[in-house]
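The values are calculated or read from the model by the stated rules, or taken from the named source; none is laboratory data. Note that the coordinates shown come from a computational prediction; the quantities given were computed from them, not determined experimentally. As a convention, Cβ positions derive from the backbone with ideal geometry for all residues, glycine included, and neighbour counts pool all protein chains shown.
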Amino acid sequence: MSYLISDLKPSSDKQVSSRQSFEDNLSSVEKWTSYIDFEVKQGELKRAACLYERAMASSVDMMNHLGFWLKYIHFIHLTLKDSSLARAKFE
């Protein structure tokens, strides 16, 4: 399962403003995690999935962060209910 930016529903001005503050500060695992948690709380699961993928692509540090990987796999398995994708990401 892969999500594209074009698949995402439009945002209101308030949502864009909230997201911009996150976008401007994506310097650590904690910042990425906060942004993803925000999207999940908003019910924006496609956006959260895109953010996980962006985070992984953003740096070697993110790709090597075991805790972040485990959270991502947990998200795929329990939130998106896609155990085959979760298994593929784990391998």
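Miscellaneous remarks
- From the list Y52, Y72, the one residue that fits, being of a type in the set (F, W, Y), modelled with pLDDT under 90 and on the phi < 0 side of the Ramachandran plot, is Y72.
- Condition check for H65: on the phi < 0 side of the Ramachandran plot, modelled with pLDDT of 75 or more and in contact with a Ser or Thr (Cβ under 6 Å, 6 or more places away or on another chain): no
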